[in-house]
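The values are calculated or read from the model by the stated rules, or taken from the named source; none is laboratory data. Just so you know, these numbers come straight off a predicted model, no measurement behind them. Every residue, glycine as well, gets a Cβ built from its backbone with ideal geometry; the counts of neighbours run over all protein chains shown.
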């Protein structure tokens, strides 16, 4: 149990740091982006910031990278990652499908109320079911749209 709490603590600390980077450097959504976010349940799309990056900065923190690898997050190309109202999108992979998926994660964060609460459940799910079978991921996939 202590290891699980330490792991969760490290994940939360990393996620909060990423959120701050995106909040400081990301951009607001366009009107179309806000409409897409609302369509998947986001209550406060005006709070969302998106930062285009060459890669999701998982490898910068070996613990996070190894955890992501062990849960199956890295079996395909990781194109986006969400931390509350802050989203990384890998440059060149922008699409309605990816944005709607990540916006659904924003909705999930809003429902959980905090990064801590979301990450506790998300981490539990990916460790229990694997990344591609985690209920929060399956929910996000259900809300993917091809074109807006």
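In region 37-67, the qualifying residues are those that are over 16 Å from the mean Cα position of the chain (by Cα) and assigned to a helix (DSSP H, G or I), and the one that is nearest to residue 12 (Cα to Cα) is 63.
Scan region 74-96 and tell me whether some residue there is assigned to a helix (DSSP H, G or I) and under 22 Å from residue 121 (Cα atoms). Within region 74-96, not a single residue is assigned to a helix (DSSP H, G or I) and under 22 Å from residue 121 (Cα atoms). Checking each residue in region 125-136 for being under 24 Å from residue 6 (Cβ atoms) and surrounded by 14 or more Cβ atoms within 10 Å (Cβ to Cβ) picks out 125, 126, 127, 129, 130, 131, 134, 136. Number of residues in region 5-24 that are loosely packed, with under 13 Cβ neighbours inside 10 Å and modelled with pLDDT under 95 equals 3.
Quick test for you: out of 50, 27, 42, pick the one residue that is farther than 27 Å from residue 4 by Cα, touching a strand residue (DSSP E or B) at 6+ places or on another chain (Cβ under 8 Å), surrounded by 15 or more Cβ atoms within 10 Å (Cβ to Cβ) and modelled with pLDDT of 95 or more. After applying the criteria, what remains is 50.
Filtering region 106-127 to residues that are out of contact with any helix residue (DSSP H, G or I) (no Cβ under 7 Å at 6 or more places or on another chain) and modelled with pLDDT of 95 or more leaves 107, 110, 111, 113, 114, 117.
Scanning region 116-135 for residues that are assigned to a loop (DSSP other than H, G, I, E, B) and under 16 Å from residue 66 (Cα atoms) yields a count of 1.
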